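Every number in this text was worked out from the coordinates using simple rules, so none of it is lab data. This is a predicted model, so every value here is computed, not measured. Counting neighbours? That spans all protein chains shown, and the Cβs are built from the backbone with ideal geometry, glycine included.
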Amino acid sequence: MRCLVISDIHSNLAALQAVLDDVQNRSQSYDIVWCLGDVVGYGAEPNECIDLLRTLPHICLAGNHDWAVVGKLDLRTFHDTAAYVVEWTQEHITPQNMNYLKARPERLPHGDYLLVHASPREPIWEYITDVNVAEENFDVSSESFCLVGHTHVPVVFVKDGRTGNVHVSLPSATVPVTLKRDSRYIINPGSVGQPRDGDPRAAYAILDTGSGAWTPFRVEYPVKTTQKIMKSCHFPPRLVDRLEYGR
Ligand code: ZN
């Protein structure tokens, strides 16, 4: 099975559309979209993004911003600017899309794969930012391959099957990583709608579960289009500006 793996769209329609166009332009086929949560938050097009996602064969996990919008998380745990957009989203989301968000699962085991937004241990909240946190999460999960989002940084953590050591690698775009059957992995495709690794281009990956090939990609999108819509909704300037820096 070939999966288009995306995460953290964050109501950025231009970025999501650019990813879907890029997949086509590269003649990369896929059977299903695996979306690792945070479809909404930060951006101003929550309904447009959910509507587009729902036209595709897909599964989608719950992220912390999705949970906040549906009222399952305390907004006081959010940064002011993020909380502002959560409340704006609550006012603008359609009842159907609110129901869609409410129905998102926190974790989804899928054969050898575990899909969560944040981490196996804390599927909504924990940031897997280094090998120590990754190692602790390898210890609490049994699946060989765990796919996560949440940090908005594309990364591959590997637990070597022979040595048991955990190391990290930053994958290069378009260079496939071959997932070995005797090792375990925690992999993040990066963020579609708000990258934070210093590269403002939208991030995604194609996973071939048959061959074990994980191929990360980056694609430019019209950042100014997204920023214009956010400005017209009077969103905090920090959220608007950060998109062009990828921070
Ligand atoms: Zn996010």
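Treat each spin label as a single point 7 Å out from the Cα along the C-beta direction, and report the L170 to Q96 distance in nm.
Roughly 4.2 nm, to one decimal.
Against the longest principal axis of the chain, how steep is helix 13-25, in degrees 0 to 90 to the nearest 10, with axes from Cα atoms?
40
Which value, in Å³ per residue, describes the convex hull spanned by the Cα atoms of the stretch 114-247?
Values: hull volume 14.5 nm³, N = 134.
In the stretch 114-247, the Cα hull volume divided by residue count equals 108 Å³.
Too long at a 32 Å Cα-Cα cut-off: which of K102/K159; K102/K180; K180/K228; K72/K231? Walk me through the numbers on the way to the answer.
Working: K102/K159 34 Å; K102/K180 35 Å; K180/K228 44 Å; K72/K231 28 Å.
Check vs 32 Å cut-off fails for K102/K159; K102/K180; K180/K228.
Helix-only mean residue ellipticity at 222 nm, the chain, DSSP H runs n ≥ 4 weighted -39,500 (n - 2.57), per residue, nearest 500. What is it?
That calculation yields -9000 deg cm²/dmol at 222 nm.
Would you mind checking the stretch 75-106 for residues with the amide N under 18 Å from a putative spin-label position 7 Å along Cα→C-beta of D51?
89-101
Separation between the Q24 and H110 pseudo-spin-labels, each 7 Å from Cα along Cα→Cβ, expressed in nm?
That separation, rounded to one decimal, is 2.2 nm.
Considering only DSSP states other than H, G, I, E and B, which trypsin sites (Lys or Arg not before Pro) in the stretch 108-194 qualify as loop sites with at most 13 other Cβ atoms within 10 Å? Let's see the in-between values first.
On the way: sites: R121, K159, R162, K180, R181, R184; in loops: R121, R162, K180, R181.
Listed in order of number, the matching sites are R162, R181.
Over the chain, what is the relative contact order in percent, taking alpha-carbon pairs closer than 8 angstrom and at least six residues apart?
Working: 569 pairs, mean separation 56.4, N = 247.
Relative contact order of the chain: 23 percent.
If r is the Cβ-Cβ distance from R247 to A83 and R0 is 25 Å, what FRET efficiency results, to the nearest 0.05? Mind showing how you got there, number by number?
Values: r = 20 Å, r/R0 = 0.79.
It comes to 0.80.
Using Cα pairs under 8 angstrom and six or more residues apart, how large is the relative contact order of the stretch 158-247, in percent? All intermediate terms of the calculation are to be shown ahead of the outcome.
On the way: 129 pairs, mean separation 24.9, N = 90.
So the answer I get is 28 percent.
Based only on Cα atoms, what Rg/Rh ratio does the stretch 2-244 have, Rh being taken as Kirkwood's radius?
Working: Rg = 16.9 Å, Rh = 17.8 Å.
Rg divided by Rh gives 0.95.
In whole Hz and in residue order, list the ³J(HN,Hα) couplings for the stretch 194-204 that follow from phi through the Karplus curve 6.51 cos²θ - 1.76 cosθ + 1.60, θ = phi - 60°; x for Gly and Pro.
7, x, 10, 9, x, 10, x, 5, 4, 10, 7
Considering amide H positions built from the backbone, and no H for Pro or chain starts, which residues 5 or more places from S119, or on another chain, come under 5 Å of its amide H?
Residues meeting the criterion, in which the H sits 1.01 Å from N, are I124, W125, E126.
Which net charge results for the neighbourhood of I128, defined as the other residues with beta-carbon distances under 11 angstrom from its beta-carbon, given Lys and Arg at +1 and Asp and Glu at -1?
Values: positive: R121; negative: E122, E126, D130, E135, E136.
Summing Lys and Arg as +1 and Asp and Glu as -1 gives -4.
Any idea what angle helix 223-232 forms with the longest principal axis of the chain, computed on alpha-carbon atoms, 0 to 90 degrees, nearest 10?
For helix 223-232, the angle is close to 40 degrees.
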